[in-house]
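To keep things clear, I will list the structure first and then write my remarks on it.
The values are calculated or read from the model by the stated rules, or taken from the named source; none is laboratory data. Please read all numbers here as calculations on a predicted model, not as lab measurements. Glycine also receives a Cβ, built like all others from the backbone with ideal geometry; neighbour counts cover every protein chain displayed. We work out accessible area using only protein heavy atoms, side chains counted, and drop any ligands, DNA or RNA first. Shrake-Rupley method; radii C 1.70, N 1.55, O 1.52, S 1.80 Å.
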Amino acid sequence: MELNNTEAGQWQVAEKIYEGKAKQIYTTNDPDLVIIRYKDDATAYNGIKRAQIENKGILNNKISSIVYQKLEQAGVKTHFVQQLNDREQLCRRKNVIPLEFIARNIAAGSMARRLGLDEGHVLSVPIYEICYKNDRLGDPVINESHAVALGLSTFLELTEAMEMLRLINEILINLFANLGITLVDFKVEFGRLDDGSLILADELSPDTCRLWDSETLERLDKDRFRRDLGRVGEAYEEILKRLS
Ligand code: TMP
């Protein structure tokens with residue numbers, strides 16, 4: 001889909017450099033900035049399950065923009081510059097480290113399955129995991145030595161990323177708790193700027209976080225799509241409503 005330059009304001013769109021499952025990335029006339037466009041496509045189980053969820057891109061763009069602004073206010077360095085319109089945000093261009101960093105406060109999803117834990121089991125300490133971003137291999141869980149041996153990062157960089165992940169987890173637990181939402185787990189990615197500094201990248205939305213209503217334990221995230229629970233869009237709208 002072509003971007004509407006007038007919507008994007010003073011930043012002229014140059015070319016599409018990436019199209020993923022849920023987002024497209026465009027270069028701009030400023031070499032340090034890109035425009036990220038959020039799509040309505042939803043996928044699960046490594047692309048096996050696919051659907052369109054009406055307005056998901058709009059909701060995720062708005063939710064992620066709010067969350068990123070809160071993180072910036074709390075001192076976390078991120079790629080976020082500003083929300084441009086319903087579907088697009090302006091972000092800093094970076095080299096994304098091909099690792100997924102997952103924080104878990106409550107057992108759920110793949111970790112609950114892998115370790116035989118009941119979903120909902122409150123972990124005595126948060127668990128931080130690294131996955132190798134590789135669709136062909138199904139994004140396997142790895143540790144720091146794997147990441148360094150595979151040439152994906154350095155021990156120094158991973159230490160910094162893990163510190164940022166811990167801080168982000170603390171900030172987000174509090175942010176959502178104040179809205180009556182339990183942050184079960186989430187995934188983030190980090191990017192490297194040309195000077196080597198690390199910034200938080202990708203999105204933070206119900207696509208990438210497990211968010212449960214604190215009282216009813218109702219799932220307000222992508223598990224509604226993954227598990228055919230229905231009312232997917234309504235759950236994302238509820239998250240936006242509480243954040244707004
Ligand atoms: P998991 O339980 O399936 O490993 O997911 C853990 C968290 O990471 C959950 O909040 C969803 C998020 N996640 C993504 O954002 N993208 C992914 O590709 C995967 C596998 C998980």
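Extension gain for Ala177 to Lys16 (0.36 nm times residue separation, less C-alpha to C-alpha distance): 54.2 nm. Given their separation in residues at 0.36 nm each and the Cα-Cα distance between them, Ala44 and Leu123 gain 25.9 nm when the chain is fully extended.
Of the residues Leu71, Leu84, Leu99, the one whose Cα sits farthest towards the positive end of the charge dipole of segment 48-163 is Leu84 (charges of +1 on Lys and Arg Cβ, -1 on Asp and Glu Cβ, taken about the Cα centre).
Measuring between their Cα centroids, segment 184-219 and segment 136-167 lie 16 Å from each other. Residue-wise HN-Hα couplings along segment 97-114, as the Karplus relation 6.51 cos²θ - 1.76 cosθ + 1.60 with θ = phi - 60° gives them from phi, are 6, x, 10, 9, 9, 10, 10, 10, 9, 9, 5, 6, x, 5, 6, 4, 5, 5 Hz; Gly and Pro carry x. Using the alpha carbons alone, the radius of gyration of the chain stands to its Kirkwood radius in an Rg to Rh ratio of 0.94.
Separation of segment 20-37 from segment 90-113 is 20 Å, based on Cα centroids. Once the Cα-Cα distance is subtracted from the 0.36 nm per residue extended length, the Val148 to Glu215 segment shows a gain of 19.9 nm. Structural descriptor for the chain: relative contact order 17 percent, calculated from alpha carbon pairs under 8 angstrom and at least 6 residues apart. Per residue, the accessible area of the chain comes to 48 Å² when a 1.4 Å probe rolls over the protein heavy atoms.
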